[in-house]
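Here is the structure we will look at, set down as structure tokens.
The values are calculated or read from the model by the stated rules, or taken from the named source; none is laboratory data. As the structure is a computational prediction, the values presented were derived from the model and not from experiment. Reconstructed Cβ throughout: ideal geometry from the backbone, glycine too, with neighbour counts over all protein chains shown. Side chains are part of the model used for accessible areas, which takes the heavy atoms of the whole protein and leaves out ligands, DNA and RNA. Shrake-Rupley method; radii C 1.70, N 1.55, O 1.52, S 1.80 Å.
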Amino acid sequence: MNAMLDRDFGTPPSTSETRVSVEIDGMRIEVPAGTSVMRAAAEAGVSIPKLCATDTLEAFGSCRLCLVEIDGRAGTPASCTTPVAEGMRIHTQTNKLKSLRRGVMELYISDHPLDCLTCSANGDCELQDMAGAVGLREVRYGFDGANHLSAPKDESNPYFTFDASKCIVCSRCVRACDEVQGTLALTVSGRGFESKIAASAEESFLDSECVSCGACVKACPTATLTEKTVIEIGQPERSVLTTCAYCGVGCSFKAQVRGNEVVRMVPHDDGKANRGHSCVKGRFAWGYATHPDRVLTPLVRERIDQPWREASWEEAVGRIASEFRRIQTQYGKDSVGAVTSSRCTNEETFLVQKMVRAVFGNNNVDTCARVCHSPTGYGLKQTFGTSAGTQDFDSVMQADVMVVIGANPTDGHPVFASRMKRRLRQGAKLIVIDPRRIDLVRTPHIEASHHLQLRPGTNVAIINALAHVIVTEGLVNEAFVRERCDLPEFSSWAQFVAEARNSPEATESITGVPAATVRAAARLYATGGNGAIYYGLGVTEHSQGTTMVMGIANVAMATGNIGRPGVGVNPLRGQNNVQGSCDMGSFPHEFAGYRHVSDEAARELFEDIWGVPLASEPGLRIPNMFDAALDGSFKGMFIQGEDFAQSDPDTQHVVAGLSAMECVVVHDLFLNETAKYAHVFLPGASFLEKDGTFTNAERRISRVRKVMPPRAGLADWQAVMAVCQALGYPMQYEHPSQIMDEIARTTPSFTGVSYAKLNELGSIQWPCNDKAPTGTPVMHSAGFVRGKGRFIVTEYVPTEERSTARFPLLLTTGRILSQYNVGTQTRRTANSQWHEQDLLEIHPHDAEQRGIRDGDRVRVASRTGATELRAEITDRVAPGVVYTTFHHPDTHINVVTTDFSDWATNCPEYKVTAVQVLPSNGTAAARS
Ligand code: SF4
Ligand code: SF4
Ligand code: SF4
Ligand code: FES
């Protein structure tokens, strides 16, 4: 067996608590009832030959290679589909079985190309292994009969090939697509000798419904489905366990490497966030790391209108240090700051905020979570006492009712979406609250019970209406509330939501959602068993983002849906380490572990370890840094892994702020839009080039391990360390594990975390400390972190951004599966094939009124700016609403978005912009 692959037990484990004792080839073993004979044998160390079985899929019993003999039973049953029974005596290696298995293999091999030595899967092929395992020495049928040896190849997918001549029609790919991914793109068409694998309606893989998750490729036991990189580079030589650097699911991967070249990324079966699954980004879109656009040398220039000049690390770092010190001497200590990256590791983020607090001497540090999930941090801290989601991903398998609010998991969090779909296919119910008909609303074998297609900007009105039904129809879990929550606050909240103005009937004209639908959804959530809420940026990126997070927490507490598996409040966090960057003290008012900078005990702890006095006043948030730059009081900014000029709202303001500074440092992989305004560019290291940890949406800390040396010479933590040293502050970590040790010494929820423990356990969900030495999968189980859960009155305040006669449509934005954020990485991979441009979705009615046809270029104008893109006419959006993605810089959609933001956290209101859309007759720039 290929040592780089996870061990395969043939069939999934049984969850039964009853133990059954059986004898296999004379060895006694106890296994859970329901375990297959094949798995029991594997656990006893006996490998039974197999082809159609693999432990990530339900047993199918088609290849007949895994036959066994069982005392007292006639025939030779397939071990993969036969469950163990108490006292069973099983024989796996009799002469009869050997002969039968050889016969089966002979048939397979007689219709298989004999090109093992030149086959890309040579050494990693289960058919080859099984031919050896059954002792195949001859093929009596010869190779001249009818066969499939000239069956065509499908090379359409950019990442993998389908070579039908090698297919043994074991249907592992079909089952992987059904069971693991849930897309159901593959079938076995035809019968008997004519059977073959078909994608959708016998289309090419690229044209089919396939979403390129790679589950079929991983499941295929032959070279039929093979990664193109394996064909090009050859079989890998070593494997490094690491974590995907794209989204907040945090999938665990084996980076399989040849020399210093990644051959493929294989999702890790023991990865607790992904359980062996992946999406197209983590699985295939890692080629950006070696893209020729990577900048591998530091760059400097005096002024931003000058061309870049290459520099040594010493010169670039020296320039930063001298400029920042000059600026601080000239304009004051608070005239510089930094922004941490949610793409970088916890250790790197910790160092950047340490640089600001200990070396710059102020608290001017912020992070891109400001523009995505800062309302989650604030809202959940106020209600529950901690700034993070409550569950692990596994918990969804015990949910009876899922509520998905302002999130599009199949595109944004695809691997978790596959878990959700699996649970929904098992019968769990689904409520979707979203202005757009996301895929989950109706997808193969799944249909949401209710889709509350609300008007953008009316989330709080909807959550109040749901709460109204829960309170006025007697659906409150009174025992939970009495025992676990602050009662005076509950009473005020219950009185508030019970007011007639919050009823579904009264709010219908605000939200556009029929009252009966709201009532039915509320009843289902409150009474349907375990209710779990999952939400995304459609909740947070609003002027009432924090209010909505609190509203969600309120209804979860009111219904007792907190504190056990299957329930909870779960933000689906966008970036790979956005949870971690918040945990690590990236906000201007909080140290690592969410302790306010005015908290003397916390400050003294850091002062003691860092050896310098620390400021007790909160620093500037990102938007305030730009305001201060325009006022002339903020002059230097260190920006790690963040592209404001592309991703932040009100681009003109950002650009003006950046242009007003005297030293902007960009630390990144590519010269991005923000780097146009930078004076020093430090080349960053990709996740393949460094050690560290990421923390995913379920608070899971996972190791990132170095696969290749940093291409520019320094990993990001080393570069920041060099800047601190140049600024005169000694910093000498030899490895990121030492930074984690410092995090553990200073951060109460991390005191039990170390690299040694991460290596031992695989991953850890914080809090991990004396009370929870192996971490905390489900939070608030015995009591809320803040003691009692706190209900907060959530008054609906309409956003000031409203549709008007001049701007009659509401624009909202989101992501697509194949692309990631502003596309810096994904656009530098073959993923661009699926999304060459951002499109504006518009309802047929609105399109017709404006004379817009499908594919027309249209001009989207708001009161702040205008841009152009192509229209896609679809009823996914309701009349009055338009939608687009923001993955391509030339779309400039943030030129259109406004400067409204969340009242508590300044998180920008990306999700509601009043716009007009008209057919375009020229360039937007010319007329905006
Ligand atoms: S493509 Fe692979 S997994 Fe699918 S049926 Fe053929 S051999 Fe089996
Ligand atoms: S790549 Fe994924 S979606 Fe496509 S056919 Fe294979 S399993 Fe299905
Ligand atoms: S779901 Fe997210 S973490 Fe997992 S492979 Fe895809 S992008 Fe990576
Ligand atoms: S492995 Fe059991 S029948 Fe194929």
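Selection of the stretch 246-257 for residues being open to solvent by less than 20 Å² (accessible area, probe 1.4 Å) and out of contact with any Cys (no Cβ under 9 Å at 6 or more places or on another chain) yields GLY248, ALA255, GLN256, VAL257.
For the stretch 84-98, the set of residues classified as crowded, with 18+ Cβ neighbours inside 10 Å and farther than 22 Å from GLY135 by Cβ consists of VAL84, MET88, listed by residue number. Checking the structure you have, find out if any residue of the stretch 782-793 is in a helix (DSSP H, G or I), of a type in the set (D, E, K, R) and buried (at least 17 other Cβ atoms within 10 Å of the Cβ). Scanning the stretch 782-793, I find no residue that is in a helix (DSSP H, G or I), of a type in the set (D, E, K, R) and buried (at least 17 other Cβ atoms within 10 Å of the Cβ), so the answer is no. Note on the stretch 22-81: among residues that are within 16 Å of ligand 1 (Cβ to nearest atom) and surrounded by fewer than 18 Cβ atoms within 10 Å (Cβ to Cβ), the one that is nearest to VAL217 (Cα to Cα) is GLU58. Filtering the stretch 694-714 to residues that are outside any strand (DSSP E or B) and out of contact with any helix residue (DSSP H, G or I) (no Cβ under 8 Å at 6 or more places or on another chain) leaves ARG705, ALA712.
You will find that of ALA201, ALA151, the residue that is over 29 Å from GLU447 (Cβ atoms) and either in contact with a helix residue (DSSP H, G or I) (Cβ under 7 Å, 6 or more places away or on another chain) or more than 12 Å from ligand 1 (Cβ to nearest atom) (or both) is ALA151 and no other.
Of the set (1) free of Cβ contacts under 8 Å to residues at least 60 places away in the same chain; (2) open to solvent by less than 10 Å² (accessible area, probe 1.4 Å), all apply to GLU604 but (2).
Of all residue pairs spaced 6 or more apart or on separate chains, those with beta-carbon atoms under 9 Å, a first member in the stretch 176-191 that is on the phi > 0 side of the Ramachandran plot and a second member that is within 12 Å of ligand 1 (Cβ to nearest atom) and of a type in the set (A, V, I, L, M, F, W, C) are LEU184/VAL174; LEU184/CYS177; GLY190/ALA198. Tallying residues that are open to solvent by 30 Å² or more (accessible area, probe 1.4 Å), under 17 Å from THR410 (Cα atoms) and either free of Cβ contacts under 8 Å to residues at least 60 places away in the same chain or away from ligand 3 (no atom under 12 Å from the Cβ) (or both) within the stretch 207-221 yields 1.
Screening the stretch 225-245 for residues that are under 15 Å from TYR159 (Cβ atoms) and not charged (D, E, K, R) and picking the one that is nearest to ligand 1 (Cβ to nearest atom) gives LEU225. Tell me whether the stretch 286-302 contains one or more residues that are away from ligand 4 (no atom under 16 Å from the Cβ), crowded, with 24+ Cβ neighbours inside 10 Å and within 29 Å of VAL217 (Cα to Cα). The answer is yes; a qualifying residue exists. Looking across the stretch 575-601, the residues that are open to solvent by less than 10 Å² (accessible area, probe 1.4 Å), at negative phi and part of a loop (DSSP other than H, G, I, E, B) come down to ASN576, ASN577, MET584, SER586, PRO588, ALA592, VAL597.
For first residues located in the stretch 282-295 and more than 20 Å from LEU817 (Cβ to Cβ), partners that are modelled with pLDDT of 90 or more and open to solvent by 30 Å² or more (accessible area, probe 1.4 Å) and lie 6+ apart or on another chain with Cβ distances below 7 Å form the pairs ARG294/ARG711; VAL295/LEU671. Quick one: PRO514 ticks every box in (1) in contact with a Pro (Cβ under 9 Å, 6 or more places away or on another chain); (2) crowded, with 20+ Cβ neighbours inside 10 Å except a single one, so which number is it? Status for PRO514: all satisfied but (2).
Of all residues in the stretch 824-867, those satisfying the criterion of being in contact with a helix residue (DSSP H, G or I) (Cβ under 9 Å, 6 or more places away or on another chain), under 19 Å from LEU811 (Cβ atoms) and open to solvent by 20 Å² or more (accessible area, probe 1.4 Å) are GLN837, ASP854, ASP856, ARG859, THR864. Checked against (1) within 29 Å of PHE205 (Cα to Cα); (2) within 27 Å of the chain's Cα centre (by Cα); (3) not polar (S, T, N, Q), ARG870 passes all but a single condition, namely (2). Taking the stretch 222-239 as the search range and keeping residues that are touching a Phe, Trp or Tyr at 6+ places or on another chain (Cβ under 8 Å) and open to solvent by less than 30 Å² (accessible area, probe 1.4 Å), which one is farthest from ligand 4 (Cβ to nearest atom)? So the residue we want is GLU227.
With respect to GLY762, is the statement that it is out of contact with any Phe, Trp or Tyr (no Cβ under 9 Å at 6 or more places or on another chain) and over 18 Å from GLU607 (Cα atoms) true? Yes: the conditions hold for GLY762. Count of the stretch 624-668 residues, restricted to those that are under 20 Å from VAL317 (Cβ atoms), open to solvent by 20 Å² or more (accessible area, probe 1.4 Å) and within 29 Å of the chain's Cα centre (by Cα), is 1. Residues that are within 16 Å of ligand 2 (Cβ to nearest atom), among the basic types (Lys, Arg) and either surrounded by fewer than 24 Cβ atoms within 10 Å (Cβ to Cβ) or at pLDDT 95 or above (or both) do occur in the stretch 258-268.
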